[in-house]
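The values are calculated or read from the model by the stated rules, or taken from the named source; none is laboratory data. Keep in mind that this is a model prediction, so the values were computed, not measured. All Cβ positions, glycine included, derive from the backbone under ideal geometry; neighbour counts span all protein chains shown.
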Amino acid sequence: MNNKQMKRLLIIFPLVFAAMHIRAQEPVKPDSSFVYTDEFLDTVTVRKKLIVNDYSLIGVQYGVSYSQTQFNPPRPQVFQLLPKYFGVSYTRYGKLFGYMPYFGLQVGVNYSQEGYKFKEDKETGTTPELEGATRAVMDLIEVPALAIFHVDMLHFKVMADFGLYGGYRMNITRYGEHVRDEIRNSFLDWDKRLEYGLKGGVGFGLVFDPFEFHVMGQLRYSWSSLYEPDYASEYYYRFAYPLDIVITAGIYFQLTKRSGKSRAALRREAYDSVYNPNKEK
């Protein structure tokens with residue numbers, strides 16, 4: 001072999017090797033003439049992220065509230081624990097602008113309590129009173145309408161809600177040595193019984209389809225004073241707005257499918273993974 005032939009081999013060999021290497025990197029396409037059975041397609045694993053549907057759920061919750069009232073002029077108070085909070089709610093999750101699956105709306109009916117408890121002045125040893133009462137508890141029917149923001153994972157979700165509520169103060173119990181018997185369990189003419197205000201909070205949920213377990217912490221702030229502002233004087237107005245911290249736990253049942261696709265859709269994805277592996281998803 002002369003030098004001229006040797007040079008040709010040195011040029012041709014790298015080109016042939018490169019061509020073979022590129023050929024080996026090309027994906028092997030399945031034989032399109034072969035038809036895979038439905039049974040085989042059902043066994044193909046398709047990797048996919050969690051897709052949350054537009055779905056709805058109904059649930060019941062129980063909780064407690066830590067209640068006090070914002071008085072003007074101010075009065076020293078402590079939060080009182082009120083253990084009666086029962087409710088039922090309906091939630092509808094949907095996509096904002098058709099593609100952002102993080103929002104929803106919740107409406108419900110709750111039975112709860114609110115009130116006030118005055119704090120003793122350590123220096124004087126006296127406790128403020130209102131109509132002779134140092135403490136009062138009111139039963140309340142509450143109807144909230146809340147917007148919900150939620151982020152879902154496979155078995156866990158985080159939530160935040162905010163909105164308005166309306167309600168009605170059904171009855172009152174006043175506590176104290178100087179409360180007159182005729183008003184101990186009765187509202188006065190200047191007491192306001194209609195209730196409305198703001199409500200919102202944060203929480204988390206454990207999801208085991210079709211059930212969900214939610215824990216929420218919420219703040220409820222009334223815009224409706226406990227009494228008419230001029231009941232004692234037409235010149236000096238007085239206000240009293242209930243403020244409550246509510247902690248609840250509830251169980252919910254999904255009325256529609258939270259996530260997942262039909263068997264036909266999954267089979268279509270399996271088909272594409274076999275026949276069209278480079279197809280954009």
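A few remarks follow.
- Some residue of segment 213-232 being free of Cβ contacts under 8 Å to residues at least 12 places away in the same chain, more than 20 Å from Pro83 (Cα to Cα) and among the aromatic types (Phe, Trp, Tyr): no
- Filtered residue count, segment 89-125, keeping only those that are of a type outside the set (Phe, Trp, Tyr) and more than 17 Å from Phe162 (Cα to Cα): 16
- Yes/no for Ser186 being within 30 Å of Glu120 (Cβ to Cβ), surrounded by 14 or more Cβ atoms within 10 Å (Cβ to Cβ) and of a type outside the set (D, E, K, R): no
- Contact map, segment 175-188: residues that are under 19 Å from Leu226 (Cα atoms) paired with residues that are surrounded by 11 or more Cβ atoms within 10 Å (Cβ to Cβ) and of a type in the set (Lys, Arg), Cβ distance under 7 Å, separation 6+ or inter-chain. Pairs shown: Tyr175/Arg135; Gly176/Arg135; Ile183/Arg174; Arg184/Arg174; Phe187/Arg193.
- Taken over segment 112-157, the criterion of being within 23 Å of Pro83 (Cα to Cα) and of a type in the set (Lys, Arg) is satisfied by Lys117, Lys119, Arg135.
- Residue list for segment 194-253, restricted to those being of a type in the set (Gly, Ala, Ser), closer than 18 Å to Tyr116 by Cβ and assigned to a strand (DSSP E or B): Gly197, Ser222, Ala240
- Leu266 being closer than 30 Å to Thr91 by Cβ and modelled with pLDDT under 95: yes
- Any hit, segment 170-181, residues being in a strand (DSSP E or B) and small (Gly, Ala, Ser): no
- Flag if Asp191 is farther than 15 Å from Gly250 by Cβ, at pLDDT below 95 and in the same structural domain as Leu105 (by TED's automatic domain parsing): no
- The listed residue being over 22 Å from Glu212 (Cβ atoms) and buried (at least 20 other Cβ atoms within 10 Å of the Cβ), out of Tyr116, Tyr93, Tyr85: Tyr116
- Residue within segment 150-157 that is over 30 Å from Asn53 (Cβ atoms) and in a loop (DSSP other than H, G, I, E, B) present: no
- Being within 30 Å of Arg258 (Cβ to Cβ) and surrounded by 14 or more Cβ atoms within 10 Å (Cβ to Cβ) holds for only one residue in Gly203, Gly217, Gly197, and it is Gly203.
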